[in-house]
């Protein structure tokens, strides 16, 4: 399955809530969901109530789109989560949150996960002083994610030094050094992604 290359705002409208796929645009009046708060397509305004399966499918699609994953990638994460001890749904979200591209986004180095993935792929970051250009890399407690020395002069990162960035409790950031640290592996309570993960578990358990 190829990566989605269509309009990002269409995905937000399909899920009926902001997925924050366009960075600053999502916080402005230009947000498509605020202008057209109904599903896209010819029959978008006339959609009927979903079945249980439909609700489960939508929740899976929503989570997949939040983190920018393809179907096969998301399914692999679920299978790994199911093999871990603990609650499968919690394990799934924790694994998604601790992807390198998501950590970069949460630290405020990128305005969206899509931009974070691109910056990581282009080699702008290091983890514990070593080059890290794989967006799906899993970060661990104690890891230090930093902007590569050669990239610190970029206008993109110069702006960050002047910003006040709010990060989740499991992360810390030093804007002067352009680096962040993984304080701990997040618990479900620390993850604010609006997803009902039990519905995803129910869907894949059929």
Q: Output the number of residues of region 58-87 satisfying the condition of being in a helix (DSSP H, G or I), closer than 24 Å to residue 125 by Cα and in contact (Cβ under 8 Å) with a residue 24 or more places away in the chain.
A: 3
Q) Across region 88-109, what is the total count of residues that are more than 10 Å from the chain's Cα centre (by Cα) and free of Cβ contacts under 8 Å to residues at least 24 places away in the same chain? A) 1
Q. Going by the conditions given, is residue 156 over 16 Å from the mean Cα position of the chain (by Cα), assigned by TED's automatic domain parsing to the domain that holds residue 66 and surrounded by 13 or more Cβ atoms within 10 Å (Cβ to Cβ)?
A. no
**Q.** Unique residue being surrounded by 19 or more Cβ atoms within 10 Å (Cβ to Cβ), under 14 Å from the mean Cα position of the chain (by Cα), assigned by TED's automatic domain parsing to the domain that holds residue 141 and at negative phi when the list is 116, 63
**A.** 116
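For every residue, the table says whether it meets (1) under 17 Å from residue 104 (Cβ atoms); (2) at pLDDT below 95; (3) in the same structural domain as residue 107 (by TED's automatic domain parsing).
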residue: 165; (1), (2), (3): yes, yes, yes
residue: 171; (1), (2), (3): yes, no, yes
residue: 176; (1), (2), (3): no, yes, yes
residue: 205; (1), (2), (3): no, yes, no
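The values are calculated or read from the model by the stated rules, or taken from the named source; none is laboratory data. Bear in mind the structure is a predicted one, so any value in this text is a computation, not a measurement. Ideal geometry is used to build each Cβ from the backbone, glycine not excepted, and the neighbour counts take in all protein chains shown.
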